[in-house]
Amino acid sequence: MSTSASGQVTERLDEASQKANSRIALLALGAGGFSIGTGEFVIMGLLPEVARDLSISIPGAAHLISTYALGVVAGAPLLAVLTARWQRRALLMALMTFYAAANVATSLVPGYLAVGVARFASGLPHGAYFGVAALVAASMALPHQRARAVGLVMLGLALAPLVGVPLATWAGQHLGWRAAFMFVAVIAAIAALLIRFHVPDVAADANASPLRELGALVKPQVLLTLAIAGIGFGGMFCVFSYIKPTLLEVSGLSVDRIPLVLSLFGFGCIAGNLIGARLADRALMPTIGGVLIYSTLLLFGFGALIQTIPTALAGVFLLGGIVAWARPADQADGRCGRRADHGRGTESFRVQFRQRAGRLARRIGGGCRLGLDVTGLGRIVHGNRRITRIFYLCEPEGHSCTTSAMPHPIGKQTRTRSCRGDGCLHIA
């Protein structure tokens, strides 16, 4: 074998080894997402058990969903600013370790107030983890493979409702609801170890600063994406937060079937994610508007769907499909946000703030006191109708229109809507 041929073989082996190592690193990051996704969703399948153990009402127990969401809302921007110059691997390990400790505390502390504080603490690392993990994943991939790399990280979050939540719910029903959160803590600890040994140590941006991270908040395109996330998801979480008591008391489903039914929601999430991504590749902005309309119609009809077990099962699957807009919304933020940033590097903050907006929707949803009265479920789509109207301020690519002035809600300034053929809303 010639020297050149031997060199080529060695080069190919090195390339294959690098690809394998990158794949393992992405799976390690995905394990953290799986843990976080399981931890945030599992309580929705255990509300009756939590309410009974803490001697509170089911709507009162649902406020534990809201406290977790408030933790995300508070933690995402705070940690983005405070950790802007941290080494990325060390930061990811710290976030996962803290998440594991907070879930251990949730499983051990007595009383409603203490559990609420532990749930709030659990939410703090949520947005920061996904923001940093997405950037680390992108840095390990070639430019044309970065979206796929980030998708592998988010696969852990997508698999959580399908696998993690049913398993944790089953453990909570048979071993006590606190066992479910101990299960989440174990997964988080394993994820921290995987990150330590398999994720490369990526240095932080040398030019990072708190002021630059906060700069994303003044971008109208970014704020519009966050508004769609916060309001567009609110109606879905208002329903899903109470899905277990609704299925038990209205649909007549037996309690031992709940974990399997929750896996239907997970299948819906994955199906929606795949379909939404494919449609968004063809027509981004129309896809976002179409999914919001789909969400509105589904929530209007959900009260009728849950009256029988077969239609309730279909309704739970379709409810998971609402996440179909999440991938195209990310693409919209990536497209508009990159144009708005002009290279100023606020990507981490934008990713984390999208998590904050989604969990603000969870705060709205967890605070809805639906109880078991399903006759008024259609009212929760009001926010979706309003955000759908906002969406149509974003024009599809290639659409030509004239610039028009609109009154500014505060003061005498004006906002100008214009189409530049990039599908973004531009406000001057």
### Task
Could you order peptides 104-113, 126-135, 295-304, 186-195 by the average number of other Cβ atoms within 10 Å of their residues, highest first?
126-135, 186-195, 295-304, 104-113
#### Entry: Gain on full stretching of the segment that runs from Asp53 to Leu297 - 0.36 nm per residue minus C-alpha separation
84.2 nm
### Query
Karplus couplings for the range 99-111 from phi (6.51 cos²θ - 1.76 cosθ + 1.60, θ = phi - 60°), rounded to Hz, Gly and Pro as x?
5, 4, 5, 5, 6, 4, 4, 4, 7, 10, 6, x, x
### Summary
Protection proxy (average C-beta count within 10 Å per residue), highest first, orders 38-44, 309-315, 166-172 as 38-44, 166-172, 309-315
### Query
Can you work out ³J(HN,Hα) from phi for every residue in the range 183-189, in order, using Karplus 6.51 cos²θ - 1.76 cosθ + 1.60 and θ = phi - 60°, giving whole Hz and x for Gly and Pro?
4, 5, 4, 5, 4, 5, 5
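Rule-based calculations on the coordinates, nothing more; no lab input. The structure displayed is predicted, hence computed values, not measured ones. FYI the Cβ positions are ideal-geometry reconstructions off the backbone, even for glycines, and counts take in every protein chain you see.
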